[in-house]
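Engineer: Once you've had a glance at the structure underneath, I'll fire off some questions.
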Amino acid sequence: MEVIIKQGKLDASRAAARVVARLIREKPDAVLGLATGSTPLPLYRELVRMHREEGLDFSRVVTFNLDEYLGLPPTHEQSYRQFMNRNLFDQINILPENTHVPDGMTQDVPASCAAYEQAIIDAGGIDLQLLGIGSDGHIGFNEPTSSFASRTRIKTLTPQTVADNARFFDGDESQVPRHCITMGIGTIMDARTNLLLAFGEGKAEAIAASVEGPVTSMVPASILQHHPVAKVFVDEASASTLELADYYQWVYNGKPDWQKDA
Ligand code: PGA
């Protein structure tokens with residue numbers, strides 16, 4: 001794993017956005033795996049700025065989102081489809097038909113999940129997957145003890161995740177759906193590159209366990225230690241308990257500029 005520590009979430013997000021932008025410039029029909037939550041917002045703002053000011057072209061880019069709440073229609077304000085439209089898709093020149101989010105209203109969950117996996121394969125696989133991390137170490141909605149071999153499927157949110165996400169539902173936990181469809185850990189591990197972002201003290205424990213702890217399904221993000229190209233962009237607060245923080249800084253600072261964005 002490569003750990004990139006920046007002072008704040010804005011510099012960390014800009015550094016991560018440069019990696020995404022470089023991929024799109026080199027491969028205009030890149031397939032991106034996207035995430036929701038508060039973490040990727042500054043990165044999406046930076047991509048929108050690059051589109052407007054630097055002509056970053058999304059016209060051939062294809063996207064697949066990690067997850068969606070079950071039971072929320074795509075028009076619901078807190079659905080991940082709406083989140084993506086609002087925070088990214090409506091502000092760049094991506095074709096709506098090139099954007100994919102799991103169907104939270106499907107009447108046939110297994111068939112819909114299998115079709116999502118097939119669509120990723122048909123698109124040529126995910127070149128770069130963006131990930132946030134839960135305070136319990138989850139990636140996507142793959143909660144602790146999720147199988148490392150899992151594919152897109154239905155999952156039940158943990159009480160902790162329901163509590164964490166209540167802030168998006170007026171603080172009312174009873175409004176938070178209990179189930180979701182999420183890409184599996186196996187799906188995430190198939191992406192050619194994984195970029196995990198984490199900001200704030202609340203993520204410090206999960207980051208330390210994922211980067212420096214044992215690989216265990218109790219901390220789903222720890223599987224990224226087995227991924228050939230996993231980059232972790234963190235601010236100082238979320239890096240505060242990393243034992244080898246100085247070493248990660250040393251490695252990153254010693255890289256030539258071209259390699260920093262690769
Ligand atoms: P957050 O969520 O970005 O809102 O902190 C991350 C996650 O739960 O994966």
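Engineer: Might you check whether a residue that is within 19 Å of residue 154 (Cα to Cα), within 16 Å of the ligand (Cβ to nearest atom) and modelled with pLDDT under 95 occurs anywhere in the stretch 81-104? Write out each step before concluding.
Structural biologist: Of all residues in the stretch 81-104, those within 19 Å of residue 154 (Cα to Cα) come to 81, 100-104.
Now narrow it down to the ones that are within 16 Å of the ligand (Cβ to nearest atom): 101-102.
Checking which are modelled with pLDDT under 95 leaves us with none.
So far as the stretch 81-104 goes, no, none of its residues is within 19 Å of residue 154 (Cα to Cα), within 16 Å of the ligand (Cβ to nearest atom) and modelled with pLDDT under 95.
Engineer: Would you confirm, using the coordinates I've provided, whether residue 243 is touching a residue at least 12 places away in the same chain (Cβ under 8 Å), within 16 Å of the ligand (Cβ to nearest atom) and surrounded by fewer than 19 Cβ atoms within 10 Å (Cβ to Cβ)? Outline the logic, then answer.
Structural biologist: On the way: touching a residue at least 12 places away in the same chain (Cβ under 8 Å): yes; within 16 Å of the ligand (Cβ to nearest atom): no; surrounded by fewer than 19 Cβ atoms within 10 Å (Cβ to Cβ): yes.
Criteria not met by residue 243.
Engineer: Now a separate question. Report whether or not residue 136 is of a type in the set (Asp, Glu), near the ligand (Cβ under 9 Å from one of its atoms) and out of contact with any Leu (no Cβ under 6 Å at 6 or more places or on another chain).
Structural biologist: Answer is yes for this residue.
Engineer: A further question follows. Checking residue 131 against (1) within 11 Å of the ligand (Cβ to nearest atom); (2) at pLDDT below 95: exactly one of these is not met. Which one?
Structural biologist: (2)
Engineer: Residue by residue through the stretch 33-69, note down the ones that are within 16 Å of the ligand (Cβ to nearest atom) and either among the hydroxyl-bearing types (Ser, Thr, Tyr) or over 22 Å from residue 191 (Cβ atoms) (or both).
Structural biologist: Those that are within 16 Å of the ligand (Cβ to nearest atom) and either among the hydroxyl-bearing types (Ser, Thr, Tyr) or over 22 Å from residue 191 (Cβ atoms) (or both): 36, 38, 39, 44, 45, 69.
Engineer: Checking residue 191 against (1) within 16 Å of the ligand (Cβ to nearest atom); (2) within 24 Å of residue 102 (Cβ to Cβ); (3) touching a Phe, Trp or Tyr at 6+ places or on another chain (Cβ under 9 Å); (4) of a type outside the set (Lys, Arg): exactly one of these is not met. Which one?
Structural biologist: (3)
Engineer: Also, quick follow-up: Yes or no: the stretch 175-185 includes at least one residue that is modelled with pLDDT under 95, surrounded by 19 or more Cβ atoms within 10 Å (Cβ to Cβ), within 15 Å of the ligand (Cβ to nearest atom) and closer than 30 Å to residue 214 by Cβ.
Structural biologist: no
Engineer: Does residue 205 satisfy the criteria of being closer than 26 Å to residue 244 by Cα, free of Cβ contacts under 8 Å to residues at least 60 places away in the same chain, in contact with a Ser or Thr (Cβ under 7 Å, 6 or more places away or on another chain) and within 16 Å of the ligand (Cβ to nearest atom)? Break it down stepwise before answering.
Structural biologist: Details: closer than 26 Å to residue 244 by Cα: yes; free of Cβ contacts under 8 Å to residues at least 60 places away in the same chain: no; in contact with a Ser or Thr (Cβ under 7 Å, 6 or more places away or on another chain): yes; within 16 Å of the ligand (Cβ to nearest atom): yes.
No; evaluated as a whole, the condition is false for this residue.
Engineer: So the check is Cβ under 7 Å with 6+ separation or different chains; which pairs have a first residue in the stretch 177-202 that's under 12 Å from residue 126 (Cα atoms) and without any contact (Cβ under 8 Å) to a residue 60 or more places away in the chain and a second one that's among the hydrophobic types (A, V, I, L, M, F, W, C) and assigned to a helix (DSSP H, G or I)?
Structural biologist: Taking only residues 6 or more apart or on different chains, the pairs are 189/223.
Engineer: Criterion first (touching a helix residue (DSSP H, G or I) at 6+ places or on another chain (Cβ under 8 Å), within 13 Å of the ligand (Cβ to nearest atom), small (Gly, Ala, Ser) and under 22 Å from residue 15 (Cα atoms)) does residue 198 satisfy it?
Structural biologist: Against the criterion (touching a helix residue (DSSP H, G or I) at 6+ places or on another chain (Cβ under 8 Å), within 13 Å of the ligand (Cβ to nearest atom), small (Gly, Ala, Ser) and under 22 Å from residue 15 (Cα atoms)), residue 198 qualifies.
Engineer: Let me ask another. Conditions first: (1) free of Cβ contacts under 8 Å to residues at least 12 places away in the same chain; (2) in contact with a strand residue (DSSP E or B) (Cβ under 7 Å, 6 or more places away or on another chain). Residue 129 passes all but one, so which condition is the exception?
Structural biologist: For residue 129, the exception is condition (1).
Engineer: Turning to a different aspect of this structure: If the Cβ limit is 9 Å and pairs must be 6+ apart or interchain, which residue in the stretch 210-231 that is touching a residue at least 60 places away in the same chain (Cβ under 8 Å) pairs with which residue that is aromatic (Phe, Trp, Tyr)?
Structural biologist: Hits for this filter: 211/248; 217/148; 220/148; 223/148.
Here is a yes/no grid of residues against (1) closer than 17 Å to residue 126 by Cβ; (2) among the aromatic types (Phe, Trp, Tyr); (3) within 13 Å of the ligand (Cβ to nearest atom):
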{"position": "217", "(1), (2), (3)": "no, no, no"}
{"position": "226", "(1), (2), (3)": "yes, no, no"}
{"position": "233", "(1), (2), (3)": "no, yes, yes"}
{"position": "253", "(1), (2), (3)": "no, no, no"}
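The values are calculated or read from the model by the stated rules, or taken from the named source; none is laboratory data. Everything numeric here is computed off the predicted structure, so don't read it as measured data. A quick note on method: Cβ atoms are made from the backbone with ideal geometry, for glycine too, and the neighbour counts reach across all protein chains shown.
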